[in-house]
Amino acid sequence: RRNQKTNSHFSNFDDIPINLPALMRSFKIQKIVSRVGFDWPKTKQVYEKVLEELKEVRLAKTKDNIEEEIGDLLFSVVNLARHLETDPEGALRRANSKFEKRFKNLETELFNQGKNFSESSIEELERVWSIIKNR
């Protein structure tokens, strides 16, 4: 499409607010590109892309490269959520809430034992976390 008045090109992304949180912007970008036919035809391919991006994170060496690869991984995970018809914002919100609740239970458990984090080994914290997680 072209703007007749200024003869400038319109992008499919022009209607996505630039100030949206990155997760929601990613989701909207991917919905648009899917509508125009630039999408993986099978969810299996999206899973493979997520694994490929995870591998690239593991291989990244510099801080800038790690950040770039983490961004690509997050973008791919948002795409997977879209393919699985799951709201990534809601999924992350629920994961945050679940983690926060478990961590508060961990804090309470340590308090009840008269301990704090600095007095507890990572193995002990993991053991208590596992108990809390499986309640």
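The values are calculated or read from the model by the stated rules, or taken from the named source; none is laboratory data. As the structure is a computational prediction, the values presented were derived from the model and not from experiment. Glycine also receives a Cβ, built like all others from the backbone with ideal geometry; neighbour counts cover every protein chain displayed. These area figures cover heavy atoms from the full protein model, side chains too; ligands, DNA and RNA do not enter into them. Shrake-Rupley method; radii C 1.70, N 1.55, O 1.52, S 1.80 Å.
Applying the set (1) open to solvent by less than 90 Å² (accessible area, probe 1.4 Å); (2) at positive phi to Glu85 leaves exactly one unmet item: (1).
Checking each residue in the range 90-108 for being touching a residue at least 12 places away in the same chain (Cβ under 8 Å) and open to solvent by 50 Å² or more (accessible area, probe 1.4 Å) picks out Leu92, Arg102, Asn105. Is there a residue being at pLDDT 95 or above and within 26 Å of Leu23 (Cβ to Cβ) anywhere in the range 104-111? Yes, there is a match, as at least one residue in the range 104-111 is at pLDDT 95 or above and within 26 Å of Leu23 (Cβ to Cβ). The single condition among (1) open to solvent by less than 40 Å² (accessible area, probe 1.4 Å); (2) within 24 Å of Asp14 (Cα to Cα); (3) in contact with a helix residue (DSSP H, G or I) (Cβ under 8 Å, 6 or more places away or on another chain) that Asp39 does not meet is (1).
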